[in-house]
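Structure, as structure tokens:
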Amino acid sequence: MRAHAPDIIRRLPELRARVASWRKDGLKVAVVPTMGALHAGHLSLVSQAAATGARVIVTLFVNPRQFNNPEDLAAYPRTELADAAKLATLPAGLGADVLYVPDGATMYPSGFATDVVVAGLSEGMCGAFRPGHFTGMATVVTKLFTQTGADLAFFGEKDFQQLKIVQRLAADLDLPIEVIGCTTVRENDGLAMSSRNMRLSAAAREVAPVLYAQLQAAAAQLAKSTAFSAVRAEATTGILAGGYQAVEYLELRQETDLTPITHATGPCRLLVAAWLDGVRLIDNVPVRADAA
Ligand code: PAF
């Protein structure tokens, strides 16, 4: 199949007109929200969205309201040309139809005064270490959902807490959209793909996969009913010994509503945030108690 470059749309009225023309043809619409710096994980979300037969909108907006640290916002890669080129490599039928790149005034016009706050789910883990992050994220995602009017939205499981928050807000606000979580895409050495990986030095990139290796080892222990307190201590030591500077959190949570738990029972997740080379990386794995 031939590759297909998406049309770049920057203005909301034009986006709405495009979506209306698709609707007239009886087509469904899917959205893949991004902040750019696209990698194979994003491209896989786009292809999964396109495989449903829906028209696909990729959004690109580096959302200042979800950065609690101005240096982090300044350092965030902005690579629109490269992003558009990457999307253009996807074959027709598995690619994006539109790359929507709104500006700050479109997303936050003068006088903008609304926050979308998802209580509970937003409070622990990344929410505790990045105050305001999830409110900024939930607000912009709600706007992207209403601007695109999409029927389906595709999010990576790497940001598992984000995924749960977005599913909650869509249900709570009766947004007519299905939020679909997709398996984390990893490099060959296991490192979860992330736009932040490009900020790692060569030496740090070498040791970065330790995070996933420790998560896997910990998940195997938890599956044998080992108490989480013991597993957490061992995995934290392993991550630090592997070259990371700090472990921000390592938590075992129920998958349904992210309730903290002490032993693996039912579908649960092990989630981590850790610092390497001045870069904050997150990852998570599912934990399934041994059937035996
Ligand atoms: O995961 C991200 O890249 C962002 O949090 C999102 C969902 C695009 C909202 O800005």
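The values are calculated or read from the model by the stated rules, or taken from the named source; none is laboratory data. Note that this is a predicted model, so its numbers are computed, not measured. Because the Cβ atoms are built from the backbone with ideal geometry, glycine has one as well, and the counts that use them run over all protein chains shown.
Structure above, values below:
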| quantity | calculated |
| --- | --- |
| Residues satisfying the stated conditions in the stretch 233-285, i.e. more than 22 Å from residue 131 (Cβ to Cβ) and touching an Asp or Glu at 6+ places or on another chain (Cβ under 7 Å) | 267, 268, 269 |
| Only listed residue being part of a helix (DSSP H, G or I), at pLDDT 95 or above and either within 16 Å of the ligand (Cβ to nearest atom) or closer than 27 Å to residue 191 by Cβ (or both), chosen from 17, 30, 49 | 49 |
| Selection from the stretch 256-277 of residues that are without any contact (Cβ under 8 Å) to a residue 60 or more places away in the chain and either over 22 Å from the mean Cα position of the chain (by Cα) or in a loop (DSSP other than H, G, I, E, B) (or both) | 256, 259, 261, 262, 263, 264, 265, 266, 267 |
| Enumeration of residues in the stretch 33-46 that are closer than 15 Å to residue 93 by Cβ and within 11 Å of the ligand (Cβ to nearest atom) | none |
| Candidate set: the stretch 68-85, residues that are at pLDDT 95 or above and crowded, with 17+ Cβ neighbours inside 10 Å; chosen: the one farthest from the ligand (Cβ to nearest atom) | 84 |
| Any hit, the stretch 192-215, residues being within 21 Å of the chain's Cα centre (by Cα) and of a type in the set (Phe, Trp, Tyr) | yes |
| Odd one out for residue 64 among (1) in contact with a strand residue (DSSP E or B) (Cβ under 6 Å, 6 or more places away or on another chain); (2) at pLDDT 95 or above; (3) over 30 Å from residue 190 (Cβ atoms) | (1) |
| Where residue 247 falls short, out of the listed (1) of a type in the set (A, V, I, L, M); (2) crowded, with 18+ Cβ neighbours inside 10 Å; (3) in a helix (DSSP H, G or I) | (3) |
| Selected residue (criterion: nearest to the ligand (Cβ to nearest atom)) from residues of the stretch 52-67 that are over 17 Å from the mean Cα position of the chain (by Cα) and on the phi < 0 side of the Ramachandran plot | 56 |
| Total residues in the stretch 231-244, condition buried (at least 18 other Cβ atoms within 10 Å of the Cβ) and either more than 24 Å from residue 77 (Cα to Cα) or basic (Lys, Arg) (or both) | 6 |
| Among (1) of a type in the set (Val, Ile, Thr); (2) surrounded by 12 or more Cβ atoms within 10 Å (Cβ to Cβ); (3) touching a strand residue (DSSP E or B) at 6+ places or on another chain (Cβ under 8 Å), the one test that residue 89 misses | (2) |
| Matching residues, the stretch 200-230, being surrounded by 15 or more Cβ atoms within 10 Å (Cβ to Cβ) and either among the acidic types (Asp, Glu) or under 22 Å from residue 155 (Cβ atoms) (or both) | 211, 212, 215, 219 |
| Residue ranges of strands (runs of 3 or more DSSP E) in the stretch 91-188 with at least 1 members closer than 27 Å to residue 287 by Cα, β-branched (Val, Ile, Thr) and within 14 Å of the ligand (Cβ to nearest atom) | 178-182 |
| Matching entry among 227, 241, 233 (being of a type in the set (A, V, I, L, M, F, W, C) and in contact (Cβ under 8 Å) with a residue 12 or more places away in the chain) | 227 |
| Filter pass, residue 65 being closer than 20 Å to residue 280 by Cα, of a type in the set (Lys, Arg) and not in a helix (DSSP H, G or I) | no |
| Close pairs from the stretch 56-79: first basic (Lys, Arg), partner modelled with pLDDT of 95 or more and more than 10 Å from the ligand (Cβ to nearest atom), Cβ under 8 Å, at least 6 apart | 65/108; 65/132; 65/135 |
